[in-house]
Structures are given as structure tokens and as C-alpha cells.
Amino acid sequence: MNYTLNQLRVFLKVTETKNITRASEELNMTQPAVSIQLKNFQDQFEIPLIEVIKKRIYITDFGREIAESVQRILGELNEIKYKALAHNGFLSGKLKLSVVSTGKYIIPYFIADFLKQNAGVELVLDVSNRTKVIESLAKNETDFALVSLKPENLKLNTIKLFENKLYLVGNSEYGGNGKKSSGFWESNPIIFREDGSATRMMMEQYFSEKGIDLKRRLELTSNEAVKQAVIAGIGCSIMPLIGLKNEVDKKQIQILNFKDLPIVTNWELVWLEEKKLSPVTSAFVRFLQIEKERIIREHFDWYLNY
């Protein structure tokens with residue numbers, strides 16, 4: 001058997017995406033090139049690694065075992081590269097972050113300067129809903145998670161960044177910034193995020209604590225979808241202010257005053273208490289501890305004024 005590194009990378013990417021087109025795009029290769037490398041790798045085994053049924057790719061049990069081995073091999077090769085860079089005085093390695101969907105408005109500002117200062121660091125950033133982020137954290141598949149509502153079942157180390165403020169918002173049809181009455185909830189559709197979203201959890205807790213029985217409620221599967229629905233006048237929602245700057249500035253969305261709002265939690269970067277930090281992750285923690293106040297002042301001054 002004579003495997004090439006290219007064959008290993010192609011095979012692993014195909015097992016991850018289960019799609020030749022997506023694999024070719026992520027590898028920056030043509031589809032025929034990916035197919036050829038995959039075939040050459042498969043030809044070295046008597047047992048099928050993948051099966052194609054009605055144009056869909058399925059990974060065989062044997063294929064999954066080989067994919068796990070390939071992942072370890074490529075990981076070790078990356079470690080060799082990182083050690084070579086470290087020997088020459090460069091901080092190097094992977095920084096893996098898992099971020100809740102609204103966190104995409106925050107995290108780039110807290111990692112940009114760190115990456116500029118450390119060219120040998122490779123960023124792996126996954127943006128998902130809270131359930132998947134917490135699952136990734138619990139399985140130690142990520143170094144850090146950015147959350148606005150910490151899980152209670154995990155022992156975590158934490159760096160608090162700043163407050164997460166959730167306001168009642170609607171479009172211009174809701175008229176002015178006057179105080180809304182309790183009858184507002186009965187006469188207006190309220191838009192929720194999907195199950196697993198921290199925003200939804202906080203909304204449901206708020207309505208439960210206030211004894212509010214909503215008559216009309218809708219559910220959408222992303223913060224962006226909720227935002228567009230609010231702009232279109234489909235309903236109003238309780239949303240994190242951090243993702244609304246442009247829409248508020250353009251007066252597409254307005255903050256509606258209501259008793260006991262906003263809901264306030266904290267944006268926090270968390271990691272497992274028992275996790276052994278690598279040189280890269282340790283450096284990132286030190287960077288945030290030193291630089292976070294400056295970053296907040298430079299990029300989130302508008303937010304702190306609300």
C-alpha cells in the first residue's frame with residue numbers, strides 16, 4: 001500500500017462532507033481531481049470505504065475506522081509542523097472555538113489581533129445553536145465556547161466579556177418608544193427562536209416568570225430569520241441587541257420599552273475546568289485577560305451606551 005497525503009486529506013474531507021462537490025470546494029480542488037484521488041485511495045483496499053446509493057455517499061463501518069486513523073495521522077503531521085514553527089520561536093497550533101449563533105457578532109473582534117500577532121495559529125471556528133455548542137464543549141471537541149447562558153452541568157473556567165442585553169423589538173409600525181402595556185402580548189404575534197437557542201430559553205423563562213400567556217407565537221430557526229421577519233412586520237420579538245446595530249441605526253427595527261426589559265445575561269468565553277491548555281490556548285487566555293477591556297472600548301462602545 002502506498003498512500004499519499006493528498007489521498008488522505010481527500011478521503012477525510014469526503015467522509016466529513018459526504019459530498020464530492022462540497023469536498024472539492026473546501027479543498028480548493030476540481031471535482032474530477034477529488035474523485036480520482038478518492039478512487040486511488042479506495043483501490044488500495046479490498047473492503048469498500050464508501051457506498052454511493054442514488055447519488056448519495058454513505059460511509060461504511062470500515063470506512064469510519066479508516067477515517068479515524070487518517071484523522072490521527074493528519075493531526076500528528078500538523079503537530080510536526082507546529083513543533084517546527086515553535087522551535088523557530090513562533091507560537092503555532094490550532095485554536096478551536098465553538099460559538100452560539102449570535103456570538104458571530106462578537107467573537108471576530110476578540111480574536112483578530114491575536115491572529116495578527118501569531119501567524120502560526122490556525123483558527124477553527126464553528127457557529128451553531130447553544131445545544132450543539134455545549135455538546136461540542138462537553139465532548140472536548142473544542143477549546144473554548146462563547147455562550148450567553150452557561151450550562152449548569154459542566155465545571156468550567158470563564159472569562160466574562162460583557163453583558164448580553166435582550167430587548168423587545170419591532171419595526172416602525174409599532175409606533176414610537178412609548179411604554180407598552182401588558183395587553184401588548186395578547187394582541188401581537190411574538191417570534192421565537194428554535195428549541196436549543198439560549199435566546200428562546202431566556203424568553204420562555206421571562207414569560208413564565210411574568211405569568212404571560214401568549215396568544216400568538218411563531219418560531220423561526222435563526223437570528224437572521226427572526227430579524228428579517230421583524231423588519232417585514234410579521235411580529236415582534238425579544239432579541240439580543242448585539243446583532244441589531246445596523247437595523248436600529250437605519251430605523252428598520254426599533255426598541256420597544258416594556259417593564260422588566262431588557263433581559264440581561266453575560267457573554268462569556270468558557271472552557272472545561274479539567275482541560276489541559278496548549279501553548280496556543282494558554283496564550284489566547286492571557287491575551288483576552290490583558291486586552292479585553294481595550295477591545296470592548298474600541299468596538300462595542302455603542303453597545304455599552306444602551
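Read the figures in this text as sums done on the coordinates, not as results from a lab. Remember, it's a predicted structure, so these values are computed and weren't measured experimentally. A quick note on method: Cβ atoms are made from the backbone with ideal geometry, for glycine too, and the neighbour counts reach across all protein chains shown.
Overview of values
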{"quantity": "Among 130-141, 114-125, the order from most to least packed when residues are scored by Cβ within 10 Å on average", "calculated": "130-141, 114-125"}
{"quantity": "Label point at Glu204 placed 7 Å out along Cα→Cβ; residues across the range 239-267 whose backbone nitrogen lies under 16 Å", "calculated": "none"}
{"quantity": "All Cα pairs of the range 165-264, percent lying beyond 24 Å", "calculated": "11 percent"}
{"quantity": "Environment charge of Val124, counting only residues whose C-beta is closer than 13 Å and scoring Lys/Arg +1, Asp/Glu -1", "calculated": "-4"}
{"quantity": "Label-to-label distance, nm, for residues given as Ala138 and Glu293 (7 Å Cα→Cβ offset)", "calculated": "3.7 nm"}
{"quantity": "Mean separation of Cα contacts under 8 Å, 6 or more apart, over the residue count of the chain: relative contact order %", "calculated": "19 percent"}
{"quantity": "Formal net charge of residues neighbouring Tyr109 (Cβ-Cβ distance under 13 Å; K, R +1; D, E -1)", "calculated": "+1"}
{"quantity": "Stretch gain in nm, segment Arg56-Ala225, where the contour uses 0.36 nm per residue and the Cα spacing is subtracted", "calculated": "57.9 nm"}
{"quantity": "10 Å-binned pair-distance histogram of the chain (Cα, whole percent)", "calculated": "5, 22, 25, 23, 16, 8, 2, 0"}
{"quantity": "Prolate/oblate/rounded call for the range 5-82, Cα gyration tensor, a/c under 1.5 rounded", "calculated": "oblate"}
{"quantity": "Relative contact order, percent, the range 165-264 [alpha-carbon distance under 8 Å, six or more residues apart]", "calculated": "54 percent"}
{"quantity": "C-alpha center-to-center spacing [the range 85-155, the range 221-268] in angstrom", "calculated": "25 Å"}
{"quantity": "Inter-label distance, nm, simple model (7 Å from Cα along the C-beta direction), Glu65/Ala232", "calculated": "5.0 nm"}
{"quantity": "Cα-based shape type of the range 194-235, given that a ≥ b ≥ c are square roots of the gyration tensor eigenvalues and the cut on a/c is 1.5", "calculated": "oblate"}
{"quantity": "Contour excess over end-to-end distance, with Cα ends at Asn305 and Asn40 and 0.36 nm allotted per residue", "calculated": "89.4 nm"}
{"quantity": "The range 1-125, relative contact order in percent, only Cα pairs under 8 angstrom and at least six apart counted", "calculated": "19 percent"}
{"quantity": "R0 of 51 Å, Cβ-Cβ distance Leu154-Glu186: FRET efficiency to nearest 0.05", "calculated": "0.85"}
{"quantity": "Out-of-range pairs (alpha-carbon distance over 25 Å; input Lys132/Lys275; Lys139/Lys276; Lys96/Lys275; Lys139/Lys165; Lys13/Lys245; Lys55/Lys139)", "calculated": "Lys139/Lys165; Lys13/Lys245; Lys55/Lys139"}
{"quantity": "Simple spin-label estimate for Glu163 and Thr131 in nanometres, 7 Å along Cα-Cβ", "calculated": "3.1 nm"}
{"quantity": "Cβ-based net charge around Phe62, under 13 Å, with every Lys or Arg adding one and every Asp or Glu removing one", "calculated": "-4"}
